[in-house]
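Scroll down for the structure; my scribbles are underneath it.
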Amino acid sequence: MKGIEFPLFKTKLDNITERFDLTDVGDREAYFELKAGLEIRKLREYLKENTFICYLMGKKNSGKGTYAKMLKEIVDKDRIEHFSVGDMIRTLDEVVNSKEKQKELIDFLEKNYRGFLPLKDIIDSLKGRSTKVLLPSELILALVKMKISDQEKKALFIDGFPRNLDQISYSLFFRDLIGYRDDPDVFCLIDVPESVIDERIKYRVVCPKCQTSRNLKLLPTKEVEHENGKFYLLCDNMDCSKERMEGKEGDELGIEPIRERLEIDEVLIKKAFSLHGIPKVLLRNSVPVKDAKDYVDDYEITPEFSYSYNGEKTEIEEKPWQVKDDEGSPAYSLMPPPVVVSLIKQLTEALGL
Ligand SMILES: [Zn+2]
């Protein structure tokens, strides 16, 4: 990220030549055992009696959720919760449209909301809300509290909060408000080059039938179909029927429509980076091409796929995906597992384990 330097994290182990297919569940487990087995056991032990709150901060579409969910799967499904503020806001419509849920929400807010706008106005604006209208921070805060109070005492990855500058200061005393007083909190900042976000959007495709999402360039299915010089992924969800996957209208613009959001996200990350007194986990999605050999194994690098048709069948070519990082230098983008190894190790250290 321009202006701040996220340190490179070494996931390459000396004298180990074993290779893993990181898209395979079984292989992935063996991979995590080899690269972070000790830390995973420490975290599991810690979670038997303790919790933590980890605020995930990264640009929109940077894969925050992917990392947290993978960590949860690997470390302890039952004691870790990943919670997306964006998803919660999207389900608010459902709450507002159901009389019963609405009453529950209003009861909670009456006890827990403190803010400058009258609660009644907020509820009215929720009812007639368009997704473009930003909800006041005080309301978001109350809603996050509601969500957390629903949970048993679990370690939490909070994704999408703080979302605005004023919410950063809320997050500083947040744990005091919700009864996590003795538990540590950690900021997890994620650096993903904008070119990576851009191509993830441009090439993403969705199955029109089952909504499974893939990426023509970065995450193909097993079968690819060719027609009139164009290539299509066929859905390989076992419960689906090999539908042709399609891009969404507007996705060809990449990051352009969300540029403003990305800029705000960058300011937020830099602000959080400059905070004192809170442990920080710094994750980077990319590694400069010149350093790759020393820091990562080649199977940890995200491949890109390209297609050609020889008149009879479609040929698929795979090679390491090379992008320009935000400084304009050539870099590779990492698969999620090595980033999660870095997360596990840094988190263990931040918790003093
Ligand atoms: Zn499908």
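No value in this document is a laboratory result; all are computed from the given coordinates. Bear in mind that the values here come from a model prediction, so they are computed numbers and not experimental data. With ideal geometry, Cβ positions are generated from the backbone for all residues, glycine too; neighbour counts draw on all protein chains shown.
Numerical summary
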| quantity | calculated |
| --- | --- |
| Cleavage-rule hits, chymotrypsin sites (Phe, Trp or Tyr not before Pro), the stretch 73-133, DSSP coil, Cβ neighbours within 10 Å at most 13 | Phe116 |
| The stretch 65-81 - phi-based ³J(HN,Hα) in whole Hz, Karplus 6.51/-1.76/1.60, Gly and Pro as x | x, 4, 5, 5, 5, 5, 4, 4, 4, 6, 8, 6, 4, 8, 10, 10, 10 |
| Length-normalised contact order of the stretch 61-156 in % [C-alpha pairs under 8 Å, at least 6 apart] | 37 |
| Dipole moment magnitude, nearest 20 debye, the chain about Cα centre, only Lys, Arg, Asp, Glu C-beta charged | 920 |
| Set Lys60/Lys324; Lys64/Lys217; Lys59/Lys202; Lys209/Lys324; Lys217/Lys280; Lys64/Lys120 screened for pairs whose C-alpha atoms are more than 26 Å apart | Lys209/Lys324; Lys217/Lys280; Lys64/Lys120 |
| Residue among Leu38, His226, Ser333 farthest towards the positive dipole end of the chain, charges placed on Cβ | Leu38 |
| Neighbour-count ranking [beta-carbon atoms within 10 angstrom, fewest first] of Val205, Val95 | Val95, Val205 |
| Angle between the chain longest axis and helix 165-177 axis [Cα atoms, degrees, rounded to 10] | 70 |
| Distance from the stretch 20-87 to the stretch 290-353 (C-alpha centre basis), Å | 18 |
| Per-peptide average of other Cβ atoms within 10 Å, ordering 239-251, 212-224 highest first | 212-224, 239-251 |
| q = 0.07, 0.12, 0.14 Å⁻¹, the chain: log10 I(q)/I(0) [Debye, one scatterer per Cα] | -0.34, -1.00, -1.31 |
| Test item: Cα-centred dipole of the stretch 11-106, Lys/Arg +1 and Asp/Glu -1 on Cβ, debye | 380 |
| Only Lys, Arg (+1) and Asp, Glu (-1) charged, at Cβ; the stretch 190-342 dipole about Cα centre in debye | 320 |
| Helix-only [θ]222 nm of the chain, DSSP H runs n ≥ 4, -39500 (n - 2.57) each, per residue, nearest 500 | -13000 deg cm²/dmol |
| On Cα atoms only, tilt of 99-112 relative to the major axis of the chain in degrees | 70 |
| Cβ-defined net charge surrounding Asp159, 12 Å radius [Lys, Arg +1; Asp, Glu -1] | +4 |
